[in-house]
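Attaching a single structure in structure tokens format; questions to follow.
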Amino acid sequence: MTVRRGEIVLVDFPFSDQTGRKVRPALVVQNDQWNRVIDDTILALITGSRRRRIGAATQFVSELATPEGQQSGLRLDSIVQCENLVTYDQNMILKRLGSLPQQAMTQIDECLNSALGIA
């Protein structure tokens, strides 16, 4: 499955301590040129956990009450954690849930810049 930047997808992630796995949503942040050329893509993890919301410049909050939240395909108010990135094989993506509009992706770019110390 070839994905596009801004899509929210469902993936089966291993826990960082390798003790288990969890199916969870993630945001495709890699550009479409690389998504077409290579099998892997870069994802930002998404969580619905309120305790993970730390108000950092690396986090984007998606609320279901907003138009972008409704377009996302997410079931809960959620946080895109741009400080928590992973490379993932596109063929292992379970399904597409929705997407974020360009305006939200511009804010995601700012979160990524903060997380990676760019600009």
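The values are calculated or read from the model by the stated rules, or taken from the named source; none is laboratory data. Remember, predicted model here, so these are calculated numbers, not experimental data. Heads up, the Cβs are rebuilt from the backbone with ideal geometry, glycines too, and the neighbour counts pull from every protein chain shown.
Give me the strands (runs of 3 or more DSSP E) completely within the range 29-119, filtered to those with at least 3 residues that are modelled with pLDDT of 95 or more, ordered by residue number. Spell out the reasoning first.
Details: elements: 40-47, 59-62, 78-89, 95-99.
Answer list for the range 29-119: 40-47, 78-89, 95-99.
Still on this model: Keeping to the range 23-50, report how many residues are charged (D, E, K, R), within 15 Å of the chain's Cα centre (by Cα) and closer than 23 Å to Leu76 by Cα. Let's see the steps before the verdict.
Applying the first criterion (charged (D, E, K, R)) to the range 23-50 yields 24, 32, 36, 39-40, 50.
Applying the additional criterion that residues be within 15 Å of the chain's Cα centre (by Cα) yields 24, 32, 40.
Restricting the remaining residues to those that are closer than 23 Å to Leu76 by Cα gives 24.
Matching residues across the range 23-50 total 1.
Can we say Val11 is surrounded by 12 or more Cβ atoms within 10 Å (Cβ to Cβ), touching a Phe, Trp or Tyr at 6+ places or on another chain (Cβ under 9 Å) and either more than 18 Å from Glu110 (Cα to Cα) or basic (Lys, Arg) (or both)? First the steps, then the outcome.
On the way: surrounded by 12 or more Cβ atoms within 10 Å (Cβ to Cβ): yes; touching a Phe, Trp or Tyr at 6+ places or on another chain (Cβ under 9 Å): yes; either more than 18 Å from Glu110 (Cα to Cα) or basic (Lys, Arg) (or both): yes.
When the stated conditions are applied, Val11 passes them.
Of all residues in the range 58-71, how many are surrounded by 13 or more Cβ atoms within 10 Å (Cβ to Cβ) and more than 27 Å from Gly117 (Cβ to Cβ)? Walk me through how you get there before you give the answer.
Within the range 58-71, the first condition is being surrounded by 13 or more Cβ atoms within 10 Å (Cβ to Cβ), and the residues that meet it are 58-64, 66, 68-71.
Filter once more, so that each one left must be more than 27 Å from Gly117 (Cβ to Cβ): 63-64, 66, 69-71.
Of the residues in that region, 6 qualify.
Yes or no, residue by residue, for (1) touching a residue at least 12 places away in the same chain (Cβ under 8 Å); (2) crowded, with 18+ Cβ neighbours inside 10 Å; (3) touching a Ser or Thr at 6+ places or on another chain (Cβ under 6 Å):
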| residue | (1), (2), (3) |
| --- | --- |
| Thr19 | no, no, no |
| Leu27 | yes, yes, no |
| Asn31 | yes, no, no |
| Val37 | no, no, no |
| Thr41 | yes, yes, no |
| Ile46 | yes, yes, yes |
| Ala56 | yes, no, no |
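Next question, about the same structure. Quick one: Ile79 ticks every box in (1) over 15 Å from the mean Cα position of the chain (by Cα); (2) within 21 Å of Asp109 (Cβ to Cβ) bar one, so which box is it?
Of the numbered conditions (1) over 15 Å from the mean Cα position of the chain (by Cα); (2) within 21 Å of Asp109 (Cβ to Cβ), the odd one out for Ile79 is (1).
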